[in-house]
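Shown next, in structure tokens, is the structure this report addresses.
The values are calculated or read from the model by the stated rules, or taken from the named source; none is laboratory data. As the structure is a prediction and not an experimental result, all values here were calculated from the model. Neighbour counts are summed over all protein chains in view; Cβ atoms, including those assigned to glycine, are modelled from backbone coordinates with ideal geometry.
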Amino acid sequence: MPTVSIIIVCMNRPDNLRPCLDSIKLHTKAEYETLVVAYRFSPDNLSAVKAEYPWVKFIVNDSLSGFSENNNLALRQAAGDYCFILNDDTVLPGPSIDRLLKDFAKLPPDAAIVAPKLLNADGSLQLCGRPDYPAYKYVLQQWHLYKEPVDNGSGLFRTYNASGAAFLIKTHIFKELGWFDERYYFTPEDIALTTLARRRGYSVWCDSEAEVIHKWRTTASRLAPALRPCSIRGSLIFFADGCSIRYFFLGLGVWGAEMFKRVKARLQGRKADYLTYKHNTHSIFTRKTPKQIFIHYFNEL
């Protein structure tokens with residue numbers, strides 16, 4: 001039985017997947033299995049990666065699915081005591097998984113999640129632990145009046161949230177929490193998960209000595225007109241926490257920010273940005289789910 005199940009979702013990007021898998025093979029000594037959700041892969045790309053990485057279990061999914069749905073396909077087959085969620089656009093520069101596994105031996109029994117420090121491709125700091133992120137900070141961030149701090153501690157320290165790009169979690173706790181919440185499509189599944197874990201009495205940690213390089217925005221930027229509106233809708237659902245009045249006022253604040261950016265993009269002739277902001281404003285006060293919003297705008301791309 002593997003100690004850890006490594007879960008990766010890849011959207012037909014073998015150029016991302018190959019260095020990620022190679023770094024796992026090079027640096028991980030613990031017993032592990034690797035499950036890759038081959039999301040909307042072309043037949044040629046799928047055949048190639050299967051031949052190159054026979055030690056990887058590939059789970060094919062050709063239907064339009066979000067972050068939660070794709071990860072859950074693999075998570076329900078995970079056999080390890082721990083699950084390591086990892087983006088395909090990441091590289092392990094060292095034995096990060098082994099270090100995170102050892103961290104659990106030092107932590108209290110209520111520890112559920114340990115996240116590594118995330119670095120940009122140039123080695124600069126991207127994120128090290130995530131502080132509390134209440135609803136008002138989310139609204140301020142849409143107005144560019146708040147920026148999430150990237151450095152929140154050193155060594156092995158307790159934090160509030162983990163990034164979905166990379167984190168280690170006890171499998172039995174993940175299962176108890178219901179895996180990723182499939183109400184959300186691309187955002188904010190990671191914050192929703194860690195918030196639920198903390199509400200259930202579990203703790204979330206970060207180890208600044210365990211590093212993962214995250215080459216973000218390689219895929220998301222191309223899909224921004226479809227991703228951004230569904231992520232806004234999902235974030236508002238999460239922060240409203242089932243209260244329609246709370247949703248209305250939060251949505252009003254975000255709508256104002258997106259409308260301002262929409263008008264500015266129109267005046268500056270930035271057609272691509274204008275389209276994204278237009279979709280954003282239309283996604284806020286709607287009954288559509290984040291997935292329905294994504295599919296609608298994805299089909300227009």
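For residues in region 18-38 being of a type in the set (A, V, I, L, M) and within 21 Å of the chain's Cα centre (by Cα), which is nearest to residue 96 (Cα to Cα)?
24
Identify the residue in region 262-282 that is modelled with pLDDT under 95 and among the hydrophobic types (A, V, I, L, M, F, W, C) and, among all such residues, is surrounded by the fewest Cβ atoms within 10 Å (Cβ to Cβ).
272
Which of the residues that make up region 1-51 are aromatic (Phe, Trp, Tyr) and either surrounded by fewer than 16 Cβ atoms within 10 Å (Cβ to Cβ) or in contact (Cβ under 8 Å) with a residue 40 or more places away in the chain (or both)?
Result: 32, single match.
Just name the residue that is surrounded by the most Cβ atoms within 10 Å (Cβ to Cβ) out of those in region 72-86 that are in contact with a helix residue (DSSP H, G or I) (Cβ under 8 Å, 6 or more places away or on another chain) and of a type outside the set (A, V, I, L, M, F, W, C).
This residue is 82.
A quick yes/no check of all residues on (1) at pLDDT 95 or above; (2) charged (D, E, K, R); (3) within 23 Å of residue 92 (Cα to Cα):
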| position | (1), (2), (3) |
| --- | --- |
| 159 | yes, no, yes |
| 162 | yes, no, yes |
| 169 | yes, no, yes |
| 175 | yes, yes, no |
| 182 | yes, yes, no |
| 192 | yes, no, no |
| 196 | yes, no, no |
| 205 | yes, no, yes |
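Please go through region 165-174 and give me each residue that is more than 17 Å from residue 70 (Cβ to Cβ) and crowded, with 22+ Cβ neighbours inside 10 Å, ordered by number.
If the condition is that a residue be more than 17 Å from residue 70 (Cβ to Cβ) and crowded, with 22+ Cβ neighbours inside 10 Å, then 168 is the only one that fits.
Out of 45, 72, which single residue is under 15 Å from residue 8 (Cβ atoms) and either under 18 Å from the mean Cα position of the chain (by Cα) or at pLDDT below 95 (or both)?
Just a single option satisfies the conditions, and that option is 72.
Counting only residues that are of a type in the set (Asp, Glu) and part of a helix (DSSP H, G or I), which one in region 175-197 is surrounded by the fewest Cβ atoms within 10 Å (Cβ to Cβ)?
The qualifying residue surrounded by the fewest Cβ atoms within 10 Å (Cβ to Cβ) is 176.
Return the only residue of 241, 207 being out of contact with any Leu (no Cβ under 9 Å at 6 or more places or on another chain) and either surrounded by fewer than 21 Cβ atoms within 10 Å (Cβ to Cβ) or not assigned by TED's automatic domain parsing to the domain that holds residue 282 (or both).
Result: 241 is the single residue among 241, 207 that is out of contact with any Leu (no Cβ under 9 Å at 6 or more places or on another chain) and either surrounded by fewer than 21 Cβ atoms within 10 Å (Cβ to Cβ) or not assigned by TED's automatic domain parsing to the domain that holds residue 282 (or both).
Among the candidates 228, 222, 200, 233, single out the residue that is surrounded by fewer than 20 Cβ atoms within 10 Å (Cβ to Cβ), in contact (Cβ under 8 Å) with a residue 24 or more places away in the chain and out of contact with any strand residue (DSSP E or B) (no Cβ under 8 Å at 6 or more places or on another chain).
200
Any residue at all in region 34-49 that's of a type in the set (Lys, Arg) and farther than 30 Å from residue 297 by Cα?
No, there is no match, as no residue in region 34-49 is of a type in the set (Lys, Arg) and farther than 30 Å from residue 297 by Cα.
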